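Heads up, the thing below is written out as structure tokens.
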Amino acid sequence: MPAHLLSLLIPHQQSELPYPWLFFGMTAVLLVGILIFSILVLRRLYGGAGAGETSGKDPIRVENEPAFMTASMQAVILKLREQEKELERLHHAERERAESTARLSEEVTRNMPAGLLVIGANGLISATNPAAEQALGIKSLGFRRYSEVLGESSGLSTLIQRCLADGKIFRREQAQHIAPDGSHRELGVTISPIRRAQEKATGAICLLSDLTELASLQKQMQLRENLAALGELSAGIAHEFKNALATISGYAQMILSDPTAEDTLENADKILHQTRSITHVVTEFLRYARPLEISEEPVALRALLERTVCEIQELQPQVRIGVEGDFSEIAGDEGLLRQVFLNLARNAAEAAAGSSPNPTVILRGETANASGDRTQRIRILDNGPGIPSDALPKLFRPFFTTKVNGTGLDLAVVQKILLQHSGQVEAQNRLDGGAEFIVTLPAVRTISEAVESKEVTI
């Protein structure tokens, strides 16, 4: 092969070929060119013999074959060089896109308001941002073990370790952290594993928020609420005691002014009545104030409510009271739950008896599944006058009452008992008249056969 052809086959500059399919395409074109060149050389070597064997035909003309071969090879080499330039252009554009994406990712991470920790399966922190360093109070977090930075036994280290080991996701958790300067910090934490498809976690992403100031504000607000509640309790007790003492003082003065009067015994009996009222207030207040000891025993709600109904019907025989709906067994203290439903049903019966010609109370049970948790709801409905709108927000406050002789502690005790059972109570007026109290409790198991009672319609 002539030397000038060899020089054309070798590019003057070599460049990186980042796309394998284009590289193989260039190789194929080069091989095709070499094949064409070889065929032409063979034809030149053996063309004369072939021409002598032809009978009466002109020999093949090959005078311009070297020029043809040179032109063909030059076309192939030019095509290869064009493809090489295209490869260089594509490689440069891809490199610029990668660099731009990396810069954007770095800027987003650096300017995130939440702290970011990216932790590998080996426990090393591979990426972080300034917000994480500020939340933890630690500089230079990169390429250090999270257990060394956060502490082996810290709550945050435990959550990260569980995420790496089990692939568990932790959302909106709270963890306490002690910074190197000794300050205690309250952190909001969300941790998610890094995995491909269903493979084992190869790392973890941890988002941090410093909740220290927010937690401090919440504690201050809670303290203020507690002080305000204590003030209301004190004012309520003082009011009850002041009224009772004023009455006692008045009757005592009447007795002293005329000890031989005919109404002396009556006045003494009224003094005794007021002392009993004070004793009742103190007893109810202590019941509300003291901690409750709740036993965890299965309580059949339907049977409990039916016994409660029997007690109220003895006190209010003119009121129709019925139990209907679905009920579950729950875990709790049967005596305290009886007190809850006895108070609520008695209030409903008294309200209906005082204003309706056909007083009726219904205790209706409902079961529901909310977010996978089974709950038991009991509605206490009456056809009384309802609850005044200005009294609804204050209904469960200690010493607030709409009754003439009420202490204002019954509903406060009801709310406390239900909160101790992880439940709640709500009050509202019904659209068709009357009031409705809604008690919600977590249900632990369902009674297999529920005894249906006769429904009563209001």
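Structure values in brief
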| quantity | calculated |
| --- | --- |
| Subset of the stretch 137-167 [aromatic (F, W, Y) and more than 23 Å from E199 (Cα to Cα)] | F143 |
| Residue list for the stretch 256-303, filter: modelled with pLDDT of 75 or more, open to solvent by 60 Å² or more (accessible area, probe 1.4 Å) and within 47 Å of the chain's Cα centre (by Cα) | T279, E296, E297, P298 |
| Every residue from the stretch 427-458 that is touching a helix residue (DSSP H, G or I) at 6+ places or on another chain (Cβ under 8 Å), of a type in the set (V, I, T) and at pLDDT below 50 | I447, V451 |
| The stretch 112-169 - residue that is open to solvent by 60 Å² or more (accessible area, probe 1.4 Å) and either acidic (D, E) or in a helix (DSSP H, G or I) (or both) and, of those, nearest to E186 (Cα to Cα) | Q134 |
| Number of positions in the stretch 170-191 that are open to solvent by less than 40 Å² (accessible area, probe 1.4 Å), among the aliphatic types (A, V, I, L, M) and touching a residue at least 24 places away in the same chain (Cβ under 8 Å) | 4 |
| Test result for T70, in contact (Cβ under 8 Å) with a residue 24 or more places away in the chain and among the β-branched types (V, I, T) | yes |
| The stretch 68-92 - residue that is among the aliphatic types (A, V, I, L, M) and open to solvent by 30 Å² or more (accessible area, probe 1.4 Å) and, of those, nearest to the chain's Cα centre (by Cα) | L90 |
| Residue list for the stretch 376-406, filter: among the acidic types (D, E) and in contact (Cβ under 8 Å) with a residue 12 or more places away in the chain | D382 |
| Residue selected from the stretch 353-374 under the condition closer than 19 Å to E306 by Cα and touching a residue at least 60 places away in the same chain (Cβ under 8 Å), by the criterion surrounded by the fewest Cβ atoms within 10 Å (Cβ to Cβ) | T367 |
| Members of the stretch 351-367 found to be more than 16 Å from V425 (Cα to Cα) and small (G, A, S), listed by number | A351, A352, A353, G354, S355, S356 |
| Every pair of residues 6+ apart whose Cβ atoms lie under 6 Å, when the first sits in the stretch 409-420 and is without any contact (Cβ under 8 Å) to a residue 60 or more places away in the chain and in a helix (DSSP H, G or I) while the second is of a type outside the set (V, I, T) and open to solvent by 40 Å² or more (accessible area, probe 1.4 Å) | none |
| Among (1) modelled with pLDDT of 85 or more; (2) open to solvent by 70 Å² or more (accessible area, probe 1.4 Å); (3) aliphatic (A, V, I, L, M), the one test that L395 misses | (2) |
| Leading residue by the ranking (most open to solvent (accessible area, probe 1.4 Å)) among those in the stretch 306-344 that are part of a loop (DSSP other than H, G, I, E, B) and touching a residue at least 12 places away in the same chain (Cβ under 8 Å) | Q318 |
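Here is a yes/no grid of residues against (1) open to solvent by less than 70 Å² (accessible area, probe 1.4 Å); (2) modelled with pLDDT under 80; (3) closer than 30 Å to N267 by Cβ:
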| position | (1), (2), (3) |
| --- | --- |
| P193 | yes, no, no |
| Q222 | no, yes, no |
| N226 | no, yes, no |
| I237 | yes, yes, yes |
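The values are calculated or read from the model by the stated rules, or taken from the named source; none is laboratory data. Keep in mind it's a predicted model, so treat the numbers as computed, not measured. A quick note on method: Cβ atoms are made from the backbone with ideal geometry, for glycine too, and the neighbour counts reach across all protein chains shown. Protein only, heavy atoms only, side chains kept; ligands, DNA and RNA dropped before computing areas. Shrake-Rupley method; radii C 1.70, N 1.55, O 1.52, S 1.80 Å.
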